[in-house]
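K.L.:
Have a look at this one before I ask anything.
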Amino acid sequence: MRIALLQSSGRPGSVVENLKVLDEAAGRAAAAGAGLLVAPEMFLTGYAIGDDIAHLAEPADGDSADAVADLAGRHGLAVAYGYPERDGETVYNSAQLISADGDRLANYRKTHLFGCFERDHFTPGDQPVVQAELGGLTVGLMICYDVEFPENVRAHALAGTGLLVVPTAQMHPFQFVAESMIPVRAFENQMYVAYVNRVGREGEFEFVGLSTLAGPDGVARARAGREEELVFADADPAFVAASREANPYLKDRRPGLYGSLV
């Protein structure tokens, strides 16, 4: 399955404009043969928008989800995107995966909130492993800081995730996460990791770009720079299976020794 990584901060504060950006990227991605387009964390609204987060938050099946389902269907590819999710009075930092048929396949709420900004505006989710089947792969969802906890990613590996999709808002000076940690996470858990970042300055934050898709061998199949761009890479289910057969990490675990972790 070809995957398109949309490295962009869109138009912070404007859901309408960000849907236009997503629609245009979906057209380019589909023309290049992609089966999945991944957009960054909080793409639909912008990240550093303060109290507008609560005002712009929508239910998982709200108008914006319908709009994404429409563009996914028109372009014939699945779309994963970040957005603020409203559930009653509670707001989550969420990511949703919608199929090429416009079906809502999975919705994930960020479990590890980063810094005072996120803790002031969001409630953490409590479901660590959210998955769906797509293109012959078991696809898992995670958001930014979540992937920096090895237990999180290992839980996905043990649950059979072959492609971990991680919309992110990675900021300076933590670019080593994109450059070094993501390929290691992919290798130690024998999966593809699609890490898709915002870029440029937004409010008090400077997002570093460097979106990447790393394979089970720890090799980056694609890596963006520091500007807005759409990059492509392929994820092969057969390679995941072959890598897990050849690499003993998951088979050689000794869970009885790990009780102190919890």
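The values are calculated or read from the model by the stated rules, or taken from the named source; none is laboratory data. As the structure is a computational prediction, the values presented were derived from the model and not from experiment. Every residue, glycine as well, gets a Cβ built from its backbone with ideal geometry; the counts of neighbours run over all protein chains shown. Remember, those area values only see protein heavy atoms, side chains included, never the ligands or the DNA or RNA. Shrake-Rupley method; radii C 1.70, N 1.55, O 1.52, S 1.80 Å.
K.L.:
Give me the accessible area of S9, 1.4 Å probe, in Å² rounded to the nearest 10.
P.N.:
Counting only protein heavy atoms, S9 exposes about 10 Å² to solvent.
K.L.:
OK, next. Roughly speaking, what is the centre-to-centre gap between the stretch 70-106 and the stretch 131-208 when only Cα atoms are used, to the nearest Å?
P.N.:
18
K.L.:
Moving on to the next point. Please give the helix 15-31 orientation as an angle from the longest Cα principal axis of the chain, in degrees from 0 to 90, rounded to the nearest 10.
P.N.:
50
K.L.:
Next up: What whole number of Å gives the distance from the Cα centroid of the stretch 42-62 to the Cα centroid of the stretch 1-24?
P.N.:
Distance between centres, Cα-based: 14 Å.
K.L.:
Which residue, N247, N93, N197, has the most motion in a Gaussian network model of the chain that connects Cα atoms within less than 10 Å?
P.N.:
Between N247, N93, N197, it is N247 that shows the largest mean-square fluctuation.
K.L.:
What range in the chain is the longest one free of trypsin sites (Lys or Arg not before Pro) that are in a loop by DSSP and have at most 16 other Cβ atoms within 10 angstrom?
P.N.:
On the way: sites that count: R226, K251, R253.
Counting only loop sites that pass the neighbour cut-off, the longest clear stretch is 1-225.
K.L.:
Which of rounded, prolate or oblate describes the stretch 37-183 when judged by the alpha-carbon gyration tensor and an a/c cut-off of 1.5?
P.N.:
Working: a/c = 1.56, a/b = 1.03, b/c = 1.52.
Oblate is the answer for the stretch 37-183, as a/c is 1.5 or above yet b/c matches or exceeds a/b.
K.L.:
For E229, list long-range residues whose amide hydrogen, built 1.01 Å from N in the peptide plane, is under 5 Å from its own amide hydrogen.
P.N.:
For E229, the qualifying residues are Q7.
K.L.:
Now, a different point. In nm, give the distance between the simple-model label positions of C116 and A222, each being 7 Å from the Cα along the Cα-to-Cβ direction.
P.N.:
3.8
K.L.:
Related question: Using the Karplus equation 6.51 cos²θ - 1.76 cosθ + 1.60 (θ = phi - 60°), what ³J(HN,Hα) coupling, rounded to whole Hz, does each residue of the stretch 100-116 give in order, writing x for Gly and Pro?
P.N.:
5, 8, x, 8, 7, 8, 7, 9, 10, 10, 3, 8, 10, 7, 9, x, 5
K.L.:
Could I ask something else about it? Using a simple charge model, +1 on the beta-carbon of Lys and Arg, -1 on the beta-carbon of Asp and Glu, nothing else, what dipole does the stretch 103-240 show about its Cα centre, in debye to the nearest 20?
P.N.:
With only Lys, Arg, Asp and Glu charged at Cβ, the dipole is about 100 debye.
K.L.:
How about the stretch 166-262: which GluC sites (Glu not before Pro) there are in a DSSP loop, with at most 10 other Cβ atoms within 10 Å of their Cβ?
P.N.:
Details: sites: E179, E188, E202, E204, E206, E227, E228, E229, E245; in loops: E204, E227, E228.
Of the GluC sites (Glu not before Pro), the ones in loops of the stretch 166-262 whose Cβ has at most 10 other Cβ atoms within 10 Å are E204, E227.
K.L.:
So, one more: Can you work out the Karplus-derived ³J(HN,Hα) for every residue in the stretch 32-37? Use 6.51 cos²θ - 1.76 cosθ + 1.60 with θ = phi - 60°, whole Hz, and x for glycine or proline.
P.N.:
Coupling constants for the stretch 32-37: 8, x, 6, x, 8, 10 Hz.
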